[in-house]
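One structure below.
The values are calculated or read from the model by the stated rules, or taken from the named source; none is laboratory data. Every value quoted in this text rests on a predicted model; they were computed, and no experiment measured them. Note: ideal-geometry Cβ built from the backbone for every residue, glycine included; neighbour counts use all protein chains shown.
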């Protein structure tokens, strides 16, 4: 559904190393902020759920001292609720404890109340009550590959969840482990990494073990997904059975972000970093790159972005909204957040000097 | 029956109904783990701040018994007696 910017408002949620900031806007140019919420806790994950006629903001909260939890607000952050027993906790028989909630992902409108989450240690979770209580996905937790999955620099987590509107297909990406696919709603899982390189392993083309940084689905082409890998940018047209490189035309194939358009076929955004060993924008020039033809060509977009930027953009520190034209948002580890109301053609700085930005989410809402 | 007191840092007191000290009656020595079970029985969120779902004390939560941090004693199996005071103090951590 196309949402018109003139009839509705926008919410921008910025999760940082030391708290959450929320902003609302009528025009995506001027923003009114509240925060910090959860001061001194990191906010690595945010989900904005606009289904069921309400706006629910769910956040993964993690204190270095007091551990992780999940909280939600139905009044744009005026008040927060936290289930007494915790929204996400491992069953006793697993002997595991949640370290950090990396992803909160509301399902499609036809499955109201369903929210998915990805966590560290590598685990997938599903809620059917709007994100108040989650159940561990046993199919992935008990997968025989588990003992061979590894940890990236930031920890070992399921960080990307792609749920397809029709049918029972779910894709999960983890670092490190790669892409796994379920065709039965999450009961069983198979690795789907053919064509994605793992240059850091003895066999650079293993069945699994890739360090996929982010995946996103093309909304208009069933079976098409895009992946930003730990070096490598890829596309699949066959539901992840095979992947092929679409990195040609980019200044670097490293990065963390992968965004897709809410409706339009073939449109995706990445924010390249120079290399694994040099995690800065190429030449210190921050830019977003967009493809409108599924990765055949890329367009560099930096209008409104600074030159001389040496901070990276993390995998979840970027988002699109569902307006027309779509808004694009991202934040840096230097605490600056940029917003574009025209699909990346021009950016404006909307916040600066915040703590490291870990997660950015934006949504079109009614009556904010 | 005498009590054993658990003193909370100010940041956790809102999770204990605003109380700075929680007490549990004890007619003899108990382990720190059992003591925490008792004093947090009505405060589930507070319990999760101190220990994870496996029951382990969170890494940067320190519990002192008569001036000794329990990790240098017997951890959550450290025994405390009625009349003793148990302090919960967060580590100096973060940046």
- Message: modelled with pLDDT of 95 or more and in a helix (DSSP H, G or I): which single residue out of A:93, A:75 fits that description?
- Response: A:93
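Tell me which residues, restricted to region B:75-95, are away from chain A (no Cβ under 14 Å) and either in contact with a strand residue (DSSP E or B) (Cβ under 7 Å, 6 or more places away or on another chain) or surrounded by 12 or more Cβ atoms within 10 Å (Cβ to Cβ) (or both).
B:75, B:76, B:77, B:78, B:79, B:80, B:81, B:82, B:84, B:85, B:86, B:87
Would it be correct to say that residue A:152 is more than 14 Å from chain B (Cβ to nearest Cβ), surrounded by fewer than 19 Cβ atoms within 10 Å (Cβ to Cβ) and touching a residue at least 60 places away in the same chain (Cβ under 8 Å)?
yes
For the condition part of a strand (DSSP E or B) and either touching a residue at least 40 places away in the same chain (Cβ under 8 Å) or facing another protein chain (nearest Cβ under 10 Å) (or both), what is the one hit in B:11, B:6?
B:6
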- Message: Restricting to region A:258-269, count the residues that are under 13 Å from residue A:228 (Cβ atoms) and either out of contact with any strand residue (DSSP E or B) (no Cβ under 9 Å at 6 or more places or on another chain) or assigned to a strand (DSSP E or B) (or both).
- Response: 4
- Task: Would you confirm whether any residue within region A:37-44 is buried (at least 18 other Cβ atoms within 10 Å of the Cβ), under 29 Å from residue A:179 (Cβ atoms) and either touching a helix residue (DSSP H, G or I) at 6+ places or on another chain (Cβ under 6 Å) or within 14 Å of chain B (Cβ to nearest Cβ) (or both)?
- Result: yes
- Could you figure out which of (1) free of Cβ contacts under 8 Å to residues at least 60 places away in the same chain; (2) buried (at least 19 other Cβ atoms within 10 Å of the Cβ); (3) closer than 24 Å to residue A:100 by Cα; (4) in contact with a helix residue (DSSP H, G or I) (Cβ under 9 Å, 6 or more places away or on another chain) isn't true of residue B:70? (3)
- Message: Looking only at region A:122-169, filter to residues that are closer than 19 Å to residue A:229 by Cα and part of a strand (DSSP E or B); which one of those is modelled with the lowest pLDDT?
- Response: A:152
- Note on the structure: Listed by range, strands (runs of 3 or more DSSP E) wholly within region A:286-368 having at least 3 residues that are under 20 Å from residue A:61 (Cα atoms) are A:357-365
- Query: Could you say whether any residue in region A:6-27 is within 11 Å of another protein chain (Cβ to nearest Cβ), free of Cβ contacts under 8 Å to residues at least 60 places away in the same chain and surrounded by fewer than 23 Cβ atoms within 10 Å (Cβ to Cβ)?
  - Reply: no
- Item | residue A:272, sole failed condition from (1) free of Cβ contacts under 8 Å to residues at least 24 places away in the same chain; (2) over 16 Å from residue A:230 (Cα atoms) | (2)
- Item | Index of the failed condition, residue A:221 passing every other in (1) at negative phi; (2) part of a loop (DSSP other than H, G, I, E, B); (3) surrounded by 16 or more Cβ atoms within 10 Å (Cβ to Cβ) | (3)
- Query: Going by the structure shown, is residue A:113 within 20 Å of the chain's Cα centre (by Cα), more than 14 Å from chain B (Cβ to nearest Cβ), assigned to a loop (DSSP other than H, G, I, E, B) and modelled with pLDDT of 95 or more?
  - Reply: yes
- Candidate set: region B:45-58, residues that are farther than 18 Å from residue A:71 by Cα and within 8 Å of another protein chain (Cβ to nearest Cβ); chosen: the one farthest from the chain's Cα centre (by Cα): B:54
- When only residues in region A:82-97 that are more than 7 Å from every other protein chain (Cβ to nearest Cβ) and under 23 Å from the mean Cα position of the chain (by Cα) count, which is surrounded by the most Cβ atoms within 10 Å (Cβ to Cβ)? A:87
- Would you check if residue A:131 is within 14 Å of chain B (Cβ to nearest Cβ), out of contact with any helix residue (DSSP H, G or I) (no Cβ under 8 Å at 6 or more places or on another chain) and at positive phi? no
- Task: Sort through B:30, B:7 and tell me the only one that's modelled with pLDDT of 95 or more and under 10 Å from the mean Cα position of the chain (by Cα).
- Result: B:7
